[in-house]
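*Asks:* Below is a structure I'd like to ask you about.
Rule-based calculations on the coordinates, nothing more; no lab input. In this text, all values refer to a predicted model and were calculated from it rather than measured experimentally. FYI the Cβ positions are ideal-geometry reconstructions off the backbone, even for glycines, and counts take in every protein chain you see.
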Amino acid sequence: MDNTQKQKAAELRRWGLRFSEIVRKLNLSRNTVKSFCNRNKITAGFSKNANICRERSKPLIQINRRKKRVFCYDECRAK
């Protein structure tokens, strides 16, 4: 794991992403990501249902009385 991957993994974990989602984005082993986060005491900062895009990890704006958004753009949904 290089420094950029460590920074990105820590950022994604703090945003509340699961290990499996971080692994998919960074193309690393699940055990590598999990042990890095545990060793450095990096925990999920938000709940599982954090308002971030599943693909780009950017914050989402939710609109009241509408279905919860999961992706920020249609391009993210198509991937």
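*Asks:* Taking 20 °C and 1.002 mPa s as the conditions, I'd like the Stokes-Einstein D for region 3-78 in µm²/s, using the Kirkwood hydrodynamic radius from alpha carbon pairs.
*Replies:* So the translational diffusion coefficient is about 164 µm²/s.
*Asks:* Check the straight Cα-Cα distances from Lys41 and name the aspartates and glutamates below 16 Å, setting aside those fewer than 8 residues away within the same chain.
*Replies:* The qualifying aspartates and glutamates are Glu11.
*Asks:* What angle do you read, to the nearest 10 degrees and between 0 and 90, between the alpha-carbon axis of helix 30-39 and the longest principal axis of the chain?
*Replies:* Helix 30-39 and the main axis of the chain meet at about 80 degrees.
*Asks:* While we're looking at this one, here's another question. Would you mind calculating the gained length between Arg30 and Val70 on full extension (0.36 nm times residue separation, minus the Cα-Cα distance), in nm to one decimal?
*Replies:* 12.1 nm
*Asks:* Can you list the HN-Hα couplings for region 58-68, worked out from phi with the Karplus curve (6.51, -1.76, 1.60; θ = phi - 60°), rounded to whole Hz and with x for Gly and Pro?
*Replies:* 9, x, 10, 9, 8, 10, 4, 6, 10, 4, 5
*Asks:* Among Arg24, Arg65, Arg39, determine the one that fluctuates most according to a GNM of the chain built with springs between C-alpha atoms less than 10 Å apart.
*Replies:* Arg65
*Asks:* Nearest 10 degrees is fine. How inclined is helix 3-14 to the longest principal axis of the chain, computing both from alpha carbons?
*Replies:* 50
*Asks:* Taking the Cα-to-Cβ direction at Arg56 and at Ala44 and moving 7 Å from each Cα, how far apart do the two end points lie in nm?
*Replies:* Rounded to a tenth, the inter-label distance reads 2.3 nm.
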